[in-house]
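Step one of this worksheet: look at the structure below.
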Amino acid sequence: MSVTFETNVFPLFQPTNVDDVKDPCPVFDGHRWHMFGSSGTVTNETWRILHASAPGMEGPWTEHEPIVLSLVGSGVAAPGVIFEAGVFHMFIQTEFMKSGGRCEHVVSDNGFDWTLLGSAIDALPGTDEDGIYDPHPALIGGKRYIVYSGMPRFTKVPQPDIYLARSQSDSWFGPWKRVGKILDHADLPHHNSREHPDYEWGIEGAQLVELPGGRILLNATCFLPEGPRGSRQRVFFALAEQVEGPYRTVGPVLDPGEPGENGHSTVVIEGNRLVLFYQSRRAATGHRWRYGVAKCDLARQAWSNVA
């Protein structure tokens, strides 16, 4: 099964003063679109929190000063943001390629000025969630969730799977109760196996979206079993009848179209249209990460009505 995108704009914009932009998270505040993400460079994995705004999804996008948060961590980036009742709720990692880390909750009423509220979820040392990152909030069936990547302690390469937490207060302020793992390497035949001699990375960049009709779409990033490094990363979809799963993969959904790769993405549902904001690097961008946006009609997808 695959997804047929009717339009695909890439790159969405050219960033200023940085090599790469990653982890796009678009949010509409009722008046204009905001883009949150990571800006910096993969050369030494140095990142800041991107903020841009636009009158429409496809731009033109205006970059603003990076958001500065007084958080301690080597990987403060990849924000997952949702807007509700006049408030932006940002959930953001503090670490990425190491054990530990927290999912911090930050709020704003304008997208520019932010207030730290404290940690929503902490890593659990010595468990399969020894390190956590890539949190993204989700409103499913009127309940509030955070989906994130969790990984056991590692010596060479992280091997994260996808985990879920649910708010016990039915608000974005928590407290948050862990639901557990909802997607494992073994659930994805198109993902490199843990035992692969040239294993590259695990499952990350997850997002949950409630589709028209009530089914749950999991949008995330996998790494293909074969191919040279730097060409395996792909956006994929999976479907479930309930938020806890089980999830049935639709497979990689977006071909880079030339030597390259794509990954960490956010889906926006507008009526019966699915809009996918994604990161990609190709020869055309000098293999630097840029954002793209692709759109499709949900009713025309072969997998959309499959039980």
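Every number here is computed from the coordinates shown, using simple stated rules; none is lab data. The structure displayed is predicted, hence computed values, not measured ones. Cβ sites come from the backbone with ideal geometry, for glycine too, and all protein chains shown count toward neighbours.
Structure notes:
- Sparsely packed trypsin sites (Lys or Arg not before Pro) within the stretch 198-287, loop by DSSP, other Cβ within 10 Å at most 16: ARG215, ARG229
- Integer Hz, Karplus 6.51/-1.76/1.60 couplings in order for the stretch 203-211, x for Gly and Pro: 8, 8, x, 7, 8, 10, 9, 8, 7
- Put simply, the Cα atoms of the stretch 200-267 extend 38, 20, 16 Å along their principal axes, the longest span coming first.
- Other-chain or far-sequence residues with amide H under 5 Å of THR46's (modelled H): THR41
- About the Cα centre, charge dipole magnitude for the chain (Lys/Arg +1, Asp/Glu -1 at Cβ), debye: 200
- Tensor-based shape of the stretch 247-307 (alpha-carbon gyration tensor, a/c under 1.5 rounded, otherwise prolate or oblate): prolate
- Summing charges over neighbours of LEU117, with a neighbour being any other residue whose Cβ is under 15 Å away from its Cβ, gives -3 when K and R count +1 and D and E count -1.
- Taking other Cβ atoms within 10 Å as a rough exposure proxy, ILE92, ILE182 sort from fewest to most as ILE182, ILE92.
- Listed residues ILE49, ILE132, PRO228: farthest to the positive end of the dipole of the stretch 7-300 (Cβ charges): PRO228
- Shape summary of the stretch 7-300, radius of gyration then Dmax from alpha carbon positions: 17.5, 50 Å.
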